[in-house]
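Scroll down for the structure; my scribbles are underneath it.
The values are calculated or read from the model by the stated rules, or taken from the named source; none is laboratory data. Bear in mind the structure is a predicted one, so any value in this text is a computation, not a measurement. Every residue, glycine among them, receives a Cβ derived from its backbone with ideal geometry; neighbour counts consider all protein chains shown. When the accessible area is computed, the model is the full protein with side chains, heavy atoms only, and any ligands, DNA or RNA have been set aside. Shrake-Rupley method; radii C 1.70, N 1.55, O 1.52, S 1.80 Å.
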Amino acid sequence: MKIYITGSVASGKSTLARRISQIIEIPCYHLDEVVHIPAPEEASGNKKRPIEERDALFHDILNSPDYVMEDAGRVCFAEGMRQADIVILLEIPLFIRKKRIITRWLKQKTGIEKCIYKPTFSMLRAMFQWVGDYDSGADGTKALAAQFDEKKVVLHNNKEIKVYLKTLSDNPSHKSTKEERET
């Protein structure tokens with residue numbers, strides 16, 4: 001099973017990816033970690049990997065028999081959507097995403113939650129900009145996901161997410177053992 005999750009900043013991609021990974025027992029990959037590496041000396045707290053390194057890491061993931069990966073719809077990872085069995089688009093209401101951005105930023109600023117960047121005011125501003133770019137279509141995420149309508153699942157709220165997760169947990173064919181993955 002190969003699953004690609006996409007959506008806006010603060011739509012719950014990482015949380016959903018971890019939950020799916022636990023339920024169907026497949027590896028989980030956060031593509032922000034493929035793009036960025038920690039760099040405390042940088043103003044942002046991270047820096048971009050060289051493109052060759054990023055692409056090599058991504059192709060290693062693509063060659064895995066099973067995965068759930070999440071990203072905000074970067075074009076450089078479009079092959080992940082193409083290869084996925086399921087593309088999940090999270091269309092969470094704007095007011096919830098804005099609330100999550102503020103809550104996450106405060107938790108990161110106070111050290112309650114870890115992150116791969118420095119929680120500065122400019123980062124907070126950037127997150128709100130990215131939400132606007134997603135909603136307007138300027139970032140291209142929705143258009144990219146639309147190319148895969150035949151295998152796309154759109155989830156709009158926690159209730160729909162819970163129902164979707166239940167279908168995964170109720171279907172034993174989604175689970176694979178370590179031995180099956182290695183053969």
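Miscellaneous remarks
- K48 meets all of the listed conditions (1) open to solvent by 70 Å² or more (accessible area, probe 1.4 Å); (2) in contact with a helix residue (DSSP H, G or I) (Cβ under 7 Å, 6 or more places away or on another chain); (3) under 20 Å from M123 (Cβ atoms); (4) modelled with pLDDT of 95 or more but one, namely (4).
Every residue, every condition in (1) touching a residue at least 12 places away in the same chain (Cβ under 8 Å); (2) part of a loop (DSSP other than H, G, I, E, B); (3) under 21 Å from G140 (Cβ atoms), yes or no:
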site	(1), (2), (3)
A10	yes, yes, yes
Q22	no, no, no
I26	yes, yes, no
K47	no, no, no
V68	yes, no, no
M81	yes, no, yes
V87	yes, no, yes
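- E53 more than 18 Å from A84 (Cα to Cα) and at pLDDT 95 or above: yes
- Qualifying residues in segment 97-132 (those that are touching a residue at least 24 places away in the same chain (Cβ under 8 Å) and of a type in the set (V, I, T)) - the one farthest from E42 (Cα to Cα): V131
- Residue selected from segment 77-88 under the condition open to solvent by 10 Å² or more (accessible area, probe 1.4 Å) and closer than 11 Å to K151 by Cα, by the criterion nearest to the chain's Cα centre (by Cα): I86
- Here Y117 meets the list (1) hydroxyl-bearing (S, T, Y); (2) more than 26 Å from P27 (Cα to Cα); (3) in contact with a Ser or Thr (Cβ under 6 Å, 6 or more places away or on another chain) almost entirely, failing just condition (2).
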